[in-house]
Amino acid sequence: MFQRVAALVVAGGRGERAGPHADGPKQFRRIGGVAVLLRTLRLFAAHPRISDLILVGHAADRERIFDLLAGTDLSERVDLVDGGPSRQASVANGLQAMERRAPDAVLIHDAVRPFVDAALIDRVIAAIEPSAGALPVVAVADTLKAGKDGLVVRTVDRAGLYAAQTPQGFPFSPILEAHLKAARSGGEAFTDDASIAEWAGLPVRLVEGDPSNVKLTTARDIALADRQISQSKEAQLPIDVRTGNGYDVHRLVEGDHVTLCGVRIRHDQSLSGHSDADVGFHALTDALLATCGAGDIGDHFPPSDPQWRGAASHIFLSHAKAVVEAKGGRIMNADVSLICEAPKIAPHREAMCAEIGRLLGLERDRVSVKATTNETIGFVGRREGIAAIATASVAFGEDR
Ligand SMILES: Nc1ccn([C@@H]2O[C@H](COP(=O)(O)OP(=O)(O)OP(=O)(O)O)[C@@H](O)[C@H]2O)c(=O)n1
Ligand SMILES: C[C@](O)(CO)[C@H](O)COP(=O)(O)O
């Protein structure tokens, strides 16, 4: 039995056949509310036999991937490697990056096969041998035709023909060697790793695949997968709605404006702080992080870190949104109370609500900004500072 079995998940493609989408290439599209890539990574991360998890992503998607993994256990678990111009090149990059970890065996999997399950991973691992790979397949069920210029040329005997799936499993050194040899020979035409093994003379065992383990190739595949999850048992589980609160205060000093809930307001004082001192956004950021036990704003953006000096606080709020969403949460509403003697908030309230709605993707009736004075009592009453209290609700479990 192999001691260390690593997983290499390739997500460096552009998903051209699926077409463009605001979320990015198909591996970032959501099915059942969760990004395809996140679903796939979670399955490998949760499997007890997987020792190492390497993700290959397109260089242009680095930020998107970091945002997706931020705040999840995966950010510690996954190593990100840049992909290449073809799937073959992406796998080769991943295998080379994995070499220093010296795994005994490796499973190579398409990020866009999010329906892989633990039983299939077990079957593939069990079939890998020191000198043979393992390939999950499903027998071809349709009658097969060869065609040319719109005409049938002949009917192909389907006996012994299989559709290849992933994860494909191999002893590590032989598949690395095979990939390096293929790269040296200049060929970029291999669409899977079993064909590289075959070309290099490494035998590959057939393993029972899983018809549900489809590859999401077109926009229709993605829509079907989304519908399938929405109708599945996981979608029937109760939704878990959580509430978080946040509080912040900043000192008022000499100045000419304050920024509150993303809106710059002329004033005869300014708020002092390491960032732009937007107490409203800071309190709301904490409220969002609190819904998933993700610490507070200071954990994510330490005041000791010079890069956040003077930073616009929408960065913190958008980050909190990404953390919540990476954990499978959907923000339901956001409510901020500003506590100050001046400036007057009412004239700016709509602009503040619009900014929160824009940043968190919330409709107007899910956002609230309120204000109160402190009746001239205490530090707020003496105009020494402005405070904010925020509450947010997030629904989790929609992705199960
Ligand atoms: N240069 C590439 C091309 C593909 N892949 C990955 O290989 C898997 C299977 O490839 P495919 O379905 O062909 O994905 P795309 O290349 O993204 O799709 P298309 O051919 O439609 O652009 C996907 O997880 C894809 O992200 C990769 O890592 N690097
Ligand atoms: C690796 C693979 O998913 C096995 O079916 C497939 O070969 C990917 O190939 P594509 O040609 O890029 O769709």
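I'd like to check one number: the per residue accessible area of the range 5-56, probe 1.4 Å, reported in Å² as a whole number.
Ligands and nucleic acids excluded, the result is 33 Å² per residue.
Compute the distribution of all C-alpha to C-alpha distances in the range 240-396, in bins of 5 Å from 0, and list the percent of pairs in each, rounded to whole numbers.
The distribution over the range 240-396 is 2, 10, 20, 23, 20, 14, 8, 2, 0, 0, given as percents.
Across the range 5-235, how many lysine pairs separated by 8 or more positions, or lying on different chains, have Cα atoms within less than 28 Å?
Taking the Cα cut-off of 28 Å, the pair count is 6.
Considering only the other residues whose Cβ falls under 9 Å of the Cβ of G246, what net charge follows from Lys and Arg at +1 and Asp and Glu at -1?
Here the charged neighbours net out to -3.
When the accessible area of the range 1-150 is split by element with a 1.4 Å probe, what percent falls to carbon and sulfur?
Carbon and sulfur together cover 50 percent of it.
For the range 321-400 and the range 238-300, what is the separation of their C-alpha centers, rounded to whole Å?
8
Could you tell me what a quarter of the Cα convex hull surface of the range 11-71 works out to, in nm² with one decimal place? Don't jump to the answer; show the numbers that get you there.
Working: hull surface 19.1 nm².
The number I arrive at for the range 11-71 is 4.8 nm².
What residue among I265, I175, I222 has the largest mean-square fluctuation in a Gaussian network model of the chain, using Cα springs under 10 Å?
Comparing I265, I175, I222 in a Gaussian network model of the chain, the most mobile one is I265.
Can you give me the relative contact order of the chain as a percent, contacts being Cα pairs under 8 Å and 6 or more apart?
Reported relative contact order: 17 percent.
Can you list the aspartates and glutamates whose alpha carbon sits under 14 Å from that of K370, skipping same-chain ones fewer than 8 residues off?
Answer for K370, where 14 Å is the Cα cut-off: D335, E341, E350, listed by chain and number.
Using all Cα-Cα distances in the range 5-235, what percent lands in each 5 angstrom bin from 0 up to the longest?
1, 7, 14, 18, 20, 18, 12, 7, 3, 1, 0, 0
Pairs of alpha-carbon atoms within less than 8 angstrom and 6+ residues apart define the contacts here; what relative contact order does the range 240-396 have, in percent?
34
Take the Cα atoms of the range 139-274, find their three principal axes, and give me the spread along each one in whole Å, biggest first.
83, 44, 37
Can you give me the relative contact order of the range 5-235 as a percent, contacts being Cα pairs under 8 Å and 6 or more apart?
Normalised by residue count, the contact order of the range 5-235 is 26 percent.
Carbon-plus-sulfur fraction of the accessible area of the range 240-396, 1.4 Å probe, in percent?
On the way: 3520 of 7240 Å².
Of all accessible area on the range 240-396, carbon and sulfur atoms account for 49 percent.
Which values of log₁₀ I(q)/I(0), to two decimal places, follow from the Debye formula for the range 170-211 at q = 0.19, 0.25, 0.33 Å⁻¹ with a uniform point scatterer at every Cα?
Values returned for q = 0.19, 0.25, 0.33 Å⁻¹ are -0.56, -0.85, -1.24.
What whole-number volume per residue, in cubic angstrom, does the convex hull of the C-alpha atoms of the chain give?
Taking the convex hull of the Cα positions in the chain, it is 180 Å³ per residue.
Can I get the semi-axes of the range 304-400's equivalent ellipsoid? Compute them from the C-alpha gyration tensor as square roots of 5 times the eigenvalues, in angstrom, largest first.
Equivalent-ellipsoid dimensions as semi-axes: 28, 18, 12 Å.
Based on the Kirkwood radius over alpha-carbon pairs, what value in µm²/s does the Stokes-Einstein equation return for the translational diffusion coefficient of the range 66-150 at 4 °C and 1.567 mPa s?
79
The values are calculated or read from the model by the stated rules, or taken from the named source; none is laboratory data. The structure displayed is predicted, hence computed values, not measured ones. All Cβ positions, glycine included, derive from the backbone under ideal geometry; neighbour counts span all protein chains shown. For accessibility, only protein heavy atoms count, side chains too; no ligands or nucleic acids. Shrake-Rupley method; radii C 1.70, N 1.55, O 1.52, S 1.80 Å.
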